[in-house]
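Remarks on the structure that follows.
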């Protein structure tokens, strides 16, 4: 294990080069370049604020604040967007980089790792803009916000585990990415992000712990929307699920990794 970690450490510069190339490549040829990474989340936050809080006047049960629903929505949606994007991109990571994998010896997990780093950077930018928006509304960060980096690392480690699993399977079954896309859509709507958990029927609330993202969304809402420290049991529970998923994904990858290049 230590020997493998030393090998991966040698590729740190390569991973960072992939990250920079990815960030720049999104807006290649655009006159404002990477400045679009700020514009996109800014516009999204403004749209959700104006549409839901002003035009639709959406309210949460027991919350009278005008922008309450917009804050609740963005607190769950911004992390979800990073998670969903990273899982979908990770699923096709080996196929998308088939030429590199065939021509050079590059540890395959690096292609999954750099995707997580890119998504963390983009999510951090979005959250920073969102926090400025919160402060303009008078919602200053509390000490509970210090837990957010821990949540980001946990959720993207969870995404990495799914990435190992889905990217390996996708090499052998090319319909995997379509199936994952459907799963991500369904997963979003069964998670209390657009709606309040309290409105769910009792039978669903009873088993909501089976949905890992319902747990992490609740923690984000506690920290950002309610501005309180969450209970530690959901964090521990999600942490266990995260590392079980990572272990399963790596197991499947190790089982089939020697055949991946031949199937590309």
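Just so it is clear, none of the values below were taken in a lab; they were calculated from the coordinates. From a predicted model like this one, the values you see are computed outputs, not experimental measurements. Every residue, glycine among them, receives a Cβ derived from its backbone with ideal geometry; neighbour counts consider all protein chains shown.
Points to keep in mind about this one:
- Compared with the dominant Cα axis of the chain, that is its longest principal axis, helix 232-263 is turned about 30°.
- Acute angle (nearest 10 degrees) that the helix 148-172 long axis makes with the longest principal axis of the chain, alpha-carbon atoms: 40 degrees
- Residue order, fewest to most beta carbons within 10 Å, for 223, 241, 204, 173: 173, 204, 241, 223
- Residues 91, 143 arranged by fewest to most Cβ contacts within 10 Å: 143, 91
- Region 61-201, relative contact order in percent, only Cα pairs under 8 angstrom and at least six apart counted: 41 percent
- Over the chain, Cα pairs under 8 Å with separation of 6+ residues give a relative contact order of 25 percent.
- For region 175-264, the alpha carbon positions stretch 51, 27, 24 Å along the principal axes, listed from largest to smallest.
- Each peptide among 115-121, 132-138, 187-193 gets the average number of other Cβ atoms lying within 10 Å of its residues, and from highest to lowest they stand as 115-121, 187-193, 132-138.
- Rounded to 10°, Cα long-axis angle of helix 12-25 versus longest principal axis of the chain: 60 degrees
- Think of it as helices only: each DSSP H run of n ≥ 4 in the chain is worth -39500 (n - 2.57), and spread over all residues that comes to -23000 deg cm²/dmol at 222 nm.
- Cα convex hull of region 42-263 - mean projected area over all directions, nm²: 13.2 nm²
- GNM top mover of 207, 114, 72 - the chain, alpha-carbon springs below 10 Å: 207
- The relative contact order of region 146-264 comes to 47 percent, based on Cα pairs under 8 Å that sit 6 or more residues apart.
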